[in-house]
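The values are calculated or read from the model by the stated rules, or taken from the named source; none is laboratory data. Fair warning: this is a prediction, and the values are worked out from it, not measured in the lab. Methodologically, a virtual Cβ is constructed for each residue, glycine included, from the backbone with ideal geometry; neighbour enumeration extends over all protein chains shown.
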Amino acid sequence: MTSPAYRRFATFYGAHFRALWAYLVRIGAERSLAEDLAQEAFVRWSASPAAEWEDSRARSYLFTIGTRLLTDHWRKQRRLVAWEEADGAALSCEIAASPLFSGRAWAALGKRQQQLLWLAYVEEFSHDEIAAITGLASPSVRVLLSRARAALASRLGNQDA
């Protein structure tokens, strides 16, 4: 017989592992590293009070853990991995298969702009959740996300010309 905590973990893991893995790959982790970091994020999540929170809040915290683990890895490695290395990755959402995320307009955006747009429109996090994940202030997320949308729209408009 399985405990309720185990069932909760298994259900949460099954629902969110792929999305966290895809997010980590898209923000620069190699596939195997993203898998390791996602697993570590779930271990840390399960040992935290967040394991008792409702799913949306717990999911946001999980992504925060994943983001911080990757940042820590980069700091240790003293290098950044390019987004382009994530090309061809199996992604968790149909929207991610859109040409928008593999085109020149997307590639021309800065890494922070890509991160904010991804979290807002693919993962559908609120501004407050994005702020918690990225370590930015919520009002800053609103402004930076607005600028990122404008930059993407401008680059998409330039492609048509």
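Things worth noting here:
This table checks each residue for (1) within 16 Å of ALA34 (Cα to Cα); (2) in the same structural domain as ALA15 (by TED's automatic domain parsing); (3) at pLDDT 90 or above.
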| residue | (1), (2), (3) |
| --- | --- |
| TYR61 | no, yes, yes |
| ARG75 | yes, yes, no |
| ALA86 | yes, yes, no |
| PRO99 | no, no, no |
| SER102 | no, no, no |
| TRP106 | no, no, no |
| GLU129 | no, no, yes |
| SER140 | no, no, yes |
| GLY157 | no, no, no |
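- When LEU136 is tested against (1) under 19 Å from the mean Cα position of the chain (by Cα); (2) part of a helix (DSSP H, G or I), exactly one condition is not met: (2).
- In region 38-57, the residue that is surrounded by the fewest Cβ atoms within 10 Å (Cβ to Cβ) out of those that are under 14 Å from ARG8 (Cβ atoms), among the aliphatic types (A, V, I, L, M) and without any contact (Cβ under 8 Å) to a residue 40 or more places away in the chain is ALA47.
- Residue match in region 20-33 (condition: of a type outside the set (A, V, I, L, M, F, W, C), free of Cβ contacts under 8 Å to residues at least 40 places away in the same chain and surrounded by 15 or more Cβ atoms within 10 Å (Cβ to Cβ)): no
- Qualifying positions in region 24-57 - over 14 Å from the mean Cα position of the chain (by Cα) and among the small types (Gly, Ala, Ser): SER32, SER46, ALA47, SER48, ALA50, ALA51, SER56
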